[in-house]
Each structure stands twice: as C-alpha cells, then as structure tokens.
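To keep things clear, I will list the structure first and then write my remarks on it.
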Amino acid sequence: MMKIKAAILWAQGAPLSVEEAELEAPHAGEVLVEVKAAGVCHSDLHPARGDWPMRTPLALGHEGAGVVREVGADVTRVRVGDHVVFCWAPPCGVCPLCLAGRPVLCDRLARTTFRNRLPSGGTRLRARGQDVAHFDSTACFADFAVVAEEGAIPVPTDVPFEVLATLGCAVVTGVGAVMNAARVERGASVAVIGAGGVGLNVVQGAVLAGCERIIAVDLQPAPLQLAREFGATHTIAASETDAVAIIRELTDGRGADYIFDTVGTDATVVQALESACKGGAVVLTGLARTDAQAPLKLFPFVMQEKRLIGSVYGSGRPLEDIPRLITRYQAGELKLRELVVRTYQLADINEALAALAAGAGARGIIRW
C-alpha cells in the first residue's frame, strides 16, 4: 500500500474531503499513474450534488493525464514512463459492441465503470478503514491512480499536461459528437445549447467540419465570449431572449441543421427540438439528472422527420480518437490550452466545483 492524497466524497451533497488514503499496487492488467493534471467536469459535479445517486465513499475525478509509474502483470499497451491520458470507459475489446466498433457501449462498462469499480473488480483505494470506490474506474482527483491499462492512452511526451487534461472527456465528447454521432457535413448550420467544456468542443468540431453557421447558446456571458474565440459565428444569451426564435432568424427561418444539447434538461431538449429544421437532427450529450425526462410533441417530430440522437463519449473509439485529436492540436487545428481558464491545487477542489456550478465557463483543472 502507498499513501496518497485523494478528494473523497463521503456523502452526496457534502463537500469533498481531501485526505490521506491508501492505494494498493496495480493488479494484472492495471497500471499506476502519477496524476499531473485533472479536469473538473460536470460529471464530477453531478454525483457530488446528488444528481446521480451513487454509493459512497467515492473518490472523484475521471478526466486527466499523468505518467505511468508501475505496471501490473500482463500489461502490454503501456510502459513505465509513458505519458497517458485517462479513458474513463476502458473497453473489453471482445464483447459484441466492441467487435462492432462501438467500444463506448462496451458491455463491461455497466458492470464496472458505471458502478465505480475497476474492470478487474473491486477497488484499490482505502481511507478511514473503508474501501473507497473509483469514480468511472478512474478516481484521478488524487496524487496517483490505478486504472485498467485500456484506461491509459499513451500520448507524446512533449505535449504539456495542461493541454492533455481535458482530452479524455470534454474534447473527445464534444468533437466526437459532431464528427461521429452527427457526421455533420460541410456548410451545415449548427447550434450548441450550453457553451461549457463539451459545448466549446462541439463548436471546435463544427469548425473542423467546415460549418457555415455555428450558433452558441448559454445563460452566462463568459462562456459565450469563449465560444466566439473558439469559432462560433453567433452567440445567444438564453436568459434574455427567445433562443429558438433567434436560431430560426439566423437560419433564414428554417432552424439549424444540427442542434447539440450539452445540458440535458427537459427545457433544453424541448428547445433543441423546436430549433431544428425539417429533417434536422438533435444530438443529446448532456445528462443533468438520471431521472430527467422531456416532453416530446410527436406530430411535428414525425411530420418534419426530425432525428434525436444520443451520444456518449464522442460515439467513437477513444483509444484511437484521442491520439488523432492530439495530432490536430499539434497541427494548429484544435484549441486545447485555451480550454483551461482556471487552475487549482487539489486542496481547492470544492472551490473548483463551485466555479463550475456557477457557470464560469470552459474548464478548471487541478494541477500537481
């Protein structure tokens, strides 16, 4: 056992506690990673607030990067000293969905990642004499993390950790929603509801796809300013105006070809469906609560042949997509460093979550 510092959620709705924990050495097929940077995502905020019911104690953190310090038996994908980005959905590679090229829907995830267990079973963390679960099989709000080897993607060593921090969730989710889930064509019009970490990367994906109009919608001014910097052609302050009407006005009365809802409330889903043109698609990436439902007006949905698409983790192959995204960054086609607008120490994790909840925009990261 090694002593580490970890941010642990002991009760939903209570602040995280940064304290000493014990981390067991990696088992077969696992690796020990020294965490160097971790993004603070809404998927960490939701279990902390109780939006997603989960058993505690739970060590949060699922988006980040670090250096491999030890490998367990039978590990072949990574070596000690490799720089890696965490993949919170480590695929088994052998189930029907993995073999069909849809690893983010891997059958194993429901039994492991989504129950906050490592793929090989159980936990390697203990604190206060109790087992502590690994959020999303990652638990990277900590000095060190033990993850499955499929959950550690090797990346170039010359890319700074601040740049790598958000790749494993916000970037691959947002860009992938455009490229993989929607397969947006050049010249299309796109509207993005929610200009946070994922929304900004939807904007980036739309730029990469060659979209003609890219409309960002948010309640706060700071995210909208960032959206413009990331390539949005128009922004809408949803708190002050009728966003649906303005989206239609900006698209010659038709509505946008593609609407991306990165928020996932009943109100935003309805807004998204009303903003889509005939034959248009709504891509839903946001998950505000596990019990969220949205009313669907069936007549216009059917008569206008609109499509509703769910997209998780970019709907692609993260183990391949993340290295490709780094290549795009190195070519100057993707903004990554600019996503990080707030930097914290691990001791300040509750302040980081509060800023996220307040709609501060982009990403805050924990930096070691």
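Could you give each residue of segment 278-292 its phi-based ³J(HN,Hα) in whole Hz, using Karplus coefficients 6.51, -1.76, 1.60 with θ = phi - 60°, and x for Gly or Pro?
4, x, x, 10, 10, 10, 9, 10, x, 9, 6, 9, 5, 9, 5
Which value, in debye to the nearest 20, gives the size of the charge dipole of segment 79-199 about its Cα centre, when Lys and Arg are +1 and Asp and Glu are -1 at the Cβ?
Once rounded to the nearest 20, the dipole reads 420 debye.
Roll a 1.4 Å probe over the protein chains and send me the accessible area per residue for the chain in Å².
With all protein chains present, the chain gives 41 Å² per residue.
According to a simple spin-label model (label point 7 Å from Cα along Cα-to-Cβ), what is the distance in nm between VAL80 and ARG183?
For the pair ARG183/VAL80, the computed spacing is 4.6 nm.
For a protection proxy built on the mean count of beta-carbon atoms within 10 angstrom, sort 191-204, 66-79, 210-223 highest first, please.
191-204, 210-223, 66-79
How large is ³J(HN,Hα), in whole Hz, for each residue of segment 205-214 in order, when computed from phi with the Karplus curve 6.51 cos²θ - 1.76 cosθ + 1.60 and θ = phi - 60°, using x for Gly and Pro?
x, 5, 4, 4, 6, x, 6, 7, 10, 10
Charges on Cβ only, +1 for Lys and Arg, -1 for Asp and Glu, centred on the Cα centroid of segment 1-150; of ALA65, PRO91, ALA110, which one is farthest towards the dipole's positive end?
Looking along the dipole axis, the top candidate is ALA110.
Considering the dipole of segment 1-106 built from charges on the beta carbon (Lys and Arg +1, Asp and Glu -1) around the Cα centre, which of LEU32, ALA100, HIS42 is farthest to its positive end?
ALA100
With charges only on Cβ, +1 for K and R and -1 for D and E, what is the dipole size of the chain about its Cα centre, in debye, rounded to 20?
Charge dipole of the chain: 440 debye, to the nearest 20.
Is any residue of segment 285-300 close enough, with backbone N under 12 Å, to a label point placed 7 angstrom from the Cα of ILE309 along the Cα-Cβ axis, and if so, which?
Residues 285 fall inside that zone.
Under the rule of at least 5 residues apart or a separate chain, name every residue whose amide H is placed under 5 Å from the amide H of THR235.
The list, which skips near neighbours in sequence, is ALA216.
The values are calculated or read from the model by the stated rules, or taken from the named source; none is laboratory data. Computed from a prediction, not measured in an experiment: that's the story for all the values here. Cβ: placed from backbone, ideal geometry, glycine included. Neighbour counts: every protein chain shown. All accessible areas refer to the heavy atoms of the entire protein, side chains included, with ligands and DNA or RNA removed. Shrake-Rupley method; radii C 1.70, N 1.55, O 1.52, S 1.80 Å.
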